[in-house]
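Structure first, commentary second.
The values are calculated or read from the model by the stated rules, or taken from the named source; none is laboratory data. Only a predicted model underlies this, so the values are computations on that prediction, with no experimental measurement involved. Positions of Cβ are generated from backbone atoms using ideal geometry, with glycine treated the same way; all protein chains shown enter the neighbour counts.
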Amino acid sequence: MLENLHIKNVALIEECQVAFGSGLNILTGETGAGKSMLIDSLQFALGGRMGKDFLRKDQKKALVEALFSVKDRGFSTKLEESGIEPEEDGTVLITRTLNDGGKSVCRINGSIVTVTMLRELATDLIDIYGQHEHQSLLSPSKHIRLLDRFCGGRFDEVKEAYTKSFEKRKEIDKQLEELMGNEAQREQRLDILNFQKDEIENASLSVEEEDELIEKKKRLMHMERLIRLTLESASLLYDGTDDVPSACDNLSSAVSNIKECSSLDSTLEGYYNDLEDIYARLEDISREVKRYAQNLEDDPDELERVEERLQIIYKMKRKYGGSVEAVLRFYDEIVKEIDFFSNSQERVEKLTALREKEQHVLETAAEELTALREEAASRVAKQIEESLKDMEMKNAKFYIQVTPRDEWNNMGKDKVEFLISANAGEDLKPLAKIASGGEMSRVMLALKAVLVDADEIETFIFDEIDTGVSGRTAAKVGQKMSVIGEKRQILCITHLPQIAAMADKHFLIEKETIGHQTITSVKGLNEDDAVAEVARLMGSATITSATLTAARELRAGKKTLQK
């Protein structure tokens, strides 16, 4: 249930806070006062899109906060699955801001969420009916989803089994199509796969080889310099010349000198031992460098072989994946696909048998879905007819037609369409053929009245559902809303006194000019003020004692209905 709505800097609303109640909450006011702005603000808080004029003029940021109390434990589970900590008392605080740059920030219980997440979660909180829902009701493609909400029982279980089976059969059909498709195309595909397999196998790739070859190529390309520098280093370290002794010779002399000194001063013994170790290590390194230099050999043919090998690796990478690892993964996929085609006959037999088995499962689930829908269609159609009669459509006939589809889809084998005969003697026809906006409004309200026992959503919002109705019909519509309000919270914008008189809680939306600014405010009415507002809606130029009496009589009808 929507407990509280806080709006700041939205269009004509500077700031307001509305505490809604259970049952039927009525919103009234003069035309243009900003009644729909409350609903627009709530839709914005729940993830709706708003235009640039949504933000109040000359303000930097708009804010809408909606506080809900939610009884459905399943909703708490959804919050947890979305990474949002639910409150122990079931309250849910949704906050959304919009800055003057057009950027919005959404939060649920203080956690930032995306608009998409917000919209998905909001569908379980509020069901909003406005003029655009007419289009939804007129579209037969939406009817099957509406009917499914009435099925109850084990419908969800059967639907899930059907969906899994449908997807499984679709995958089997795809594999069979690949195996049993055009023979020439299959053979052509096999030729390509075998060529690719042989080419990759002949390349004999390994993950480490490329780096090793790159290093080897660098060495071979600079062989002449390597030979010259290492021989020169060997001479400097080990061989020396007649004129210039080697590093080893010089260090050997130094070691002898320090050894003699250490016999004269024992403090030098440590240096002597260190130098002796250094000399031994230098001598080892010098020999190794000399051996390395002597083993070097300039080999242009080897360089050419390395480059050719690298070109093969680069070619494989270009054709099959961008890296050696990717090429090897591609090879594994090729092998699997070749195996798939090579054993096609055996696979076709297995898949055909599997398809027959899955088709039986699918048909069984589809038949059960149809039976559940037909049962619900009959039951719901009668309930909707009764609801329409309650709203002065006494001769209306409502029929939910369930017929087989030409092609099955993930919803089943059924096509569902709502048909209506609004007047005696008329044939049943699609809802789109209804000319009267008042009739359409009553059909939607009748659906909601029936849906109230099948839906977990606690709050319904009706934005000017009174379109095209008046007089006795309006009174019946108001009574129907009041009855729904006994089980669900309703927010309703109306211009009709017959509907407004049914309010459990009545709010007046007013617009006034303060200085150079126009401001919309929302005020909760007490009983006397509510009667006065109903009297105003009755259309008298001035409110007299007679109109007030008539308004009280309308309000008394609410109390009589409650009894």
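Go through the range 235-273 and give me each residue that's in a helix (DSSP H, G or I), of a type outside the set (A, V, I, L, M) and within 30 Å of ALA293 (Cβ to Cβ).
Residues of the range 235-273 in a helix (DSSP H, G or I): 235-239, 247-264, 266-273.
With of a type outside the set (A, V, I, L, M) added as a condition, the list becomes 235, 238-239, 248-250, 252-253, 256-257, 259-263, 266-267, 269-273.
Matches in the range 235-273: SER235, TYR238, ASP239, CYS248, ASP249, ASN250, SER252, SER253, SER256.
One residue is enough: does the range 187-202 have a residue meeting the conditions acidic (Asp, Glu), more than 18 Å from VAL327 (Cα to Cα) and in a helix (DSSP H, G or I)? Give the steps one after another, and end with the answer.
Taking the range 187-202 as the starting set, the residues that turn out to be acidic (Asp, Glu) are 187, 191, 198-199, 201.
Subset that is more than 18 Å from VAL327 (Cα to Cα): 187, 191.
Next, from what is left, pick out any that are in a helix (DSSP H, G or I): 187, 191.
Looking for residues that are acidic (Asp, Glu), more than 18 Å from VAL327 (Cα to Cα) and in a helix (DSSP H, G or I), one finds at least one in the range 187-202, hence yes.
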Odd one out for ILE490 among (1) under 25 Å from GLU456 (Cα atoms); (2) surrounded by fewer than 20 Cβ atoms within 10 Å (Cβ to Cβ); (3) among the hydrophobic types (A, V, I, L, M, F, W, C): (2)
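Take LYS71 and decide whether it is closer than 23 Å to SER22 by Cβ and surrounded by fewer than 16 Cβ atoms within 10 Å (Cβ to Cβ). Lay out the reasoning, then the answer.
Values: closer than 23 Å to SER22 by Cβ: yes; surrounded by fewer than 16 Cβ atoms within 10 Å (Cβ to Cβ): yes.
Yes: the conditions hold for LYS71.
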Which of the following residues is surrounded by 13 or more Cβ atoms within 10 Å (Cβ to Cβ), more than 20 Å from ARG281 (Cβ to Cβ) and modelled with pLDDT under 85: LEU237, LEU213, LEU220? LEU220
Return the residues of the range 459-475 that are within 16 Å of ASP72 (Cα to Cα) and either modelled with pLDDT under 80 or buried (at least 22 other Cβ atoms within 10 Å of the Cβ) (or both); say none if nothing qualifies. PHE460
Within the range 28-87, residues being within 30 Å of LEU496 (Cβ to Cβ) and among the polar types (S, T, N, Q) number 6
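Can we say PHE330 is in a helix (DSSP H, G or I), of a type in the set (Phe, Trp, Tyr) and either under 28 Å from ASN410 (Cβ atoms) or touching a Cys at 6+ places or on another chain (Cβ under 9 Å) (or both)?
Judged against the criteria, PHE330 is not a match.
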If you check GLU533, GLU512, which single one turns out to be of a type outside the set (Val, Ile, Thr) and surrounded by fewer than 21 Cβ atoms within 10 Å (Cβ to Cβ)? GLU512
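Based on what the data block shows, is GLU512 part of a helix (DSSP H, G or I) and either within 38 Å of the chain's Cα centre (by Cα) or over 22 Å from ASP390 (Cα atoms) (or both)?
Working: part of a helix (DSSP H, G or I): no; either within 38 Å of the chain's Cα centre (by Cα) or over 22 Å from ASP390 (Cα atoms) (or both): yes.
The answer is no for GLU512.
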All but one of (1) at pLDDT 85 or above; (2) surrounded by 16 or more Cβ atoms within 10 Å (Cβ to Cβ); (3) of a type outside the set (Lys, Arg); (4) more than 30 Å from LYS336 (Cα to Cα) hold for ALA203; state the number of the condition that does not hold. (4)
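Sort through ALA62, ALA66, ALA45 and tell me the only one that's more than 24 Å from the chain's Cα centre (by Cα), modelled with pLDDT of 90 or more and hydrophobic (A, V, I, L, M, F, W, C).
Numbers: ALA66 fails: more than 24 Å from the chain's Cα centre (by Cα); ALA45 fails: more than 24 Å from the chain's Cα centre (by Cα).
Within the list ALA62, ALA66, ALA45, the selection yields ALA62.
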Given the criteria exposed (fewer than 14 other Cβ atoms within 10 Å of the Cβ) and at pLDDT below 85, does ASP242 qualify? yes
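Test VAL402 against the stated conditions and say whether it is touching an Asp or Glu at 6+ places or on another chain (Cβ under 6 Å), assigned to a strand (DSSP E or B) and either closer than 20 Å to THR473 by Cα or at pLDDT 90 or above (or both). Give the steps one after another, and end with the answer.
On the way: touching an Asp or Glu at 6+ places or on another chain (Cβ under 6 Å): yes; assigned to a strand (DSSP E or B): yes; either closer than 20 Å to THR473 by Cα or at pLDDT 90 or above (or both): yes.
So VAL402 fits the description; yes.
Let's see how each residue does on (1) exposed (fewer than 13 other Cβ atoms within 10 Å of the Cβ); (2) over 30 Å from CYS248 (Cβ atoms); (3) touching a Gly at 6+ places or on another chain (Cβ under 9 Å):
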{"site": "ARG281", "(1), (2), (3)": "yes, no, no"}
{"site": "GLU302", "(1), (2), (3)": "no, yes, no"}
{"site": "ARG305", "(1), (2), (3)": "no, yes, no"}
{"site": "LEU328", "(1), (2), (3)": "no, yes, yes"}
{"site": "LEU362", "(1), (2), (3)": "no, yes, no"}
{"site": "THR370", "(1), (2), (3)": "no, yes, yes"}
{"site": "GLN383", "(1), (2), (3)": "no, yes, no"}
Give me a count of the residues in the range 255-272 that are without any contact (Cβ under 8 Å) to a residue 24 or more places away in the chain and either surrounded by 14 or more Cβ atoms within 10 Å (Cβ to Cβ) or of a type in the set (D, E, K, R) (or both). 10
Hey, LYS413 touching a Lys or Arg at 6+ places or on another chain (Cβ under 7 Å) and either charged (D, E, K, R) or at pLDDT 80 or above (or both) or not: yes
Regarding the range 84-92, can at least one residue be identified that is in contact (Cβ under 8 Å) with a residue 40 or more places away in the chain, surrounded by 17 or more Cβ atoms within 10 Å (Cβ to Cβ) and either of a type outside the set (Asp, Glu) or out of contact with any Gly (no Cβ under 8 Å at 6 or more places or on another chain) (or both)? no
For the range 176-191, give me each residue that is of a type outside the set (A, V, I, L, M, F, W, C) and surrounded by fewer than 16 Cβ atoms within 10 Å (Cβ to Cβ). GLU177, GLY181, ASN182, GLU183, GLN185, ARG186, GLU187, GLN188, ASP191
Taking the range 2-40 and the residues there that are at pLDDT 90 or above and not in a strand (DSSP E or B), the one that is farthest from SER482 (Cα to Cα) would be PHE20
